[in-house]
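Engineer: Mind looking over this structure? Questions follow.
The values are calculated or read from the model by the stated rules, or taken from the named source; none is laboratory data. Just so we're clear, the structure is a prediction, and the values are computed from it rather than from any experiment. FYI the Cβ positions are ideal-geometry reconstructions off the backbone, even for glycines, and counts take in every protein chain you see. Side chains included, ligands, DNA and RNA excluded: accessible areas come from the protein's heavy atoms. Shrake-Rupley method; radii C 1.70, N 1.55, O 1.52, S 1.80 Å.
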Amino acid sequence: EMGPEERAFQERIDAEIKIEAKNWMPDSYRKTLIRQISQHAHSEIVGMLPEGNWVTRAPTLKRKLQLMAKIQDEAGHGLYLYSAMETLGADRDEEIDKLHTGRAKYSSIFNYPTLNWADMGAVGWLVDGAAIVNQVPLQRTSYGPYARAMIRVCKEESFHQRQGYEILLHMMRHGTEAQQEMVQDAINRLWWPALMMFGPSDEHSPNSAQSMAWKIKRHTNDELRQRFIDQTIPQLEVLGCTVPDPDLKWNEETGHYDFGEIQWDEFNRVIQGHGPCNTERLNARRNAHENGAWVRAAAVAHAEKKQKAVA
Ligand code: ACO
């Protein structure tokens, strides 16, 4: 039942040739990409907020500079992704309005609070670590502009992951007992939410099958979650910490770690807007947007003035 255009489109995908903005694509492919890329962009922008909380309280000048650079990178990722989204014909203002009115999703993880300095380490290590595992395969996603955006994003994410891990390693090796306890506490709170970043389990993921067929996604949610756990536990052991999962165990037969059941009720609550910080995050975004209105107005006025000078 595929028409000739759709057959050519799918053949291109099967042959690993990227789809570009000007190529024909099914409406539903375009919609799925706009959905995923806009959610991804919103996540980068909202993801700046839990860290912004710590800029004034970072323990040293070096840590403050690193944190500011990381937050700035995230703003860049967001803008990069909004641009990739625009190549599909989506309107940036409209999509941002959906975020501000609670009609668009962004990553569940950013609805958790960052309570102590070790959280900055744990966010870098676990949250950016999970983001890398999810995003490295997206460098091969079938839509060209998204795939190319991911190359730079992944390079910067791996720097973020290492700086986070280094914060924790430093606290564990050179910190006081209280500081070591802060590290374990941060891991206890962020471990399960980090695993939830990969999305619902495969049997409850409505979008996976089609997105895999279109090669928008290159691996399923559960595959990537397992890959993340397998990579992360050896790093956890180097830290000398534990995760809050009594069922976590190396499985000699499968060559992977077994792990306990994720609290899907909690995940669903958070993505429906009822996590610990959803309201706070959206209020912060709306305020930032309103308080920045004069900057946008000034930029438009300046552009108009320049245009007139040329004419
Ligand atoms: N947080 C919020 N929403 C989520 C999450 C999550 N952790 N996981 C899944 N969802 C949403 C999906 O967006 C989808 O919503 P919708 O259909 O109502 O729009 C719904 O739950 C069902 O999930 P899936 O069918 O599995 O959705 P999808 O195929 O899009 O897979 C995934 C979800 C894996 C997050 C995918 O969209 C993806 O890889 N996105 C790009 C990466 C990304 O957005 N990362 C953001 C966090 S990393 C960072 O910003 C530092």
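Engineer: Checking Phe259 against (1) within 16 Å of Met197 (Cα to Cα); (2) more than 14 Å from the ligand (Cβ to nearest atom); (3) loosely packed, with under 14 Cβ neighbours inside 10 Å: exactly one of these is not met. Which one?
Structural biologist: Condition (3) is where Phe259 drops out.
Engineer: Restricting to region 227-252, and then to whatever is open to solvent by less than 20 Å² (accessible area, probe 1.4 Å) and in contact (Cβ under 8 Å) with a residue 60 or more places away in the chain, can you tell me which residue is nearest to the ligand (Cβ to nearest atom)?
Structural biologist: Going through the qualifying residues, I end up with Phe228.
Engineer: What helices (runs of 4 or more DSSP H), lying completely within region 55-162, carry at least 2 residues that are open to solvent by 10 Å² or more (accessible area, probe 1.4 Å) and under 14 Å from Gln39 (Cβ atoms)?
Structural biologist: 92-100, 128-135
Engineer: Of (1) at negative phi; (2) away from the ligand (no atom under 16 Å from the Cβ), Leu190 satisfies all except one. Which?
Structural biologist: (2)
Engineer: Check Met172 against each of (1) among the aliphatic types (A, V, I, L, M); (2) open to solvent by 10 Å² or more (accessible area, probe 1.4 Å); (3) more than 10 Å from the ligand (Cβ to nearest atom); (4) under 20 Å from the mean Cα position of the chain (by Cα) and name the one condition it does not meet.
Structural biologist: Checking Met172 against (1) among the aliphatic types (A, V, I, L, M); (2) open to solvent by 10 Å² or more (accessible area, probe 1.4 Å); (3) more than 10 Å from the ligand (Cβ to nearest atom); (4) under 20 Å from the mean Cα position of the chain (by Cα), the one that fails is (4).
Engineer: With the structure loaded, tell me whether Leu224 is under 30 Å from Leu79 (Cβ atoms) and crowded, with 22+ Cβ neighbours inside 10 Å or whether it fails that test.
Structural biologist: The answer is no for Leu224.
Engineer: If you check every pair at least six apart or on different chains, which have Cβ atoms under 8 Å apart with a residue in region 199-219 that is farther than 22 Å from Ala131 by Cβ first and a residue that is open to solvent by less than 40 Å² (accessible area, probe 1.4 Å) and more than 6 Å from the ligand (Cβ to nearest atom) second?
Structural biologist: Within 8 Å, the pairs are Gln210/Thr32.
Engineer: With touching a residue at least 60 places away in the same chain (Cβ under 8 Å), assigned to a helix (DSSP H, G or I) and in contact with a Ser or Thr (Cβ under 8 Å, 6 or more places away or on another chain) as the only criterion, which of Ile13, Ile45, Ile34 stands out?
Structural biologist: Unique residue meeting the criteria: Ile13.
Engineer: I would also like to ask the following. Taking Pro206 as meeting all but one of (1) surrounded by 18 or more Cβ atoms within 10 Å (Cβ to Cβ); (2) out of contact with any strand residue (DSSP E or B) (no Cβ under 8 Å at 6 or more places or on another chain); (3) within 30 Å of Ala15 (Cβ to Cβ), write down the number of the exception.
Structural biologist: That leaves (1) as the condition not met.
Engineer: Report the residue count in region 84-112 for those that are more than 12 Å from the ligand (Cβ to nearest atom), touching a residue at least 60 places away in the same chain (Cβ under 8 Å) and farther than 24 Å from Thr279 by Cβ.
Structural biologist: 2
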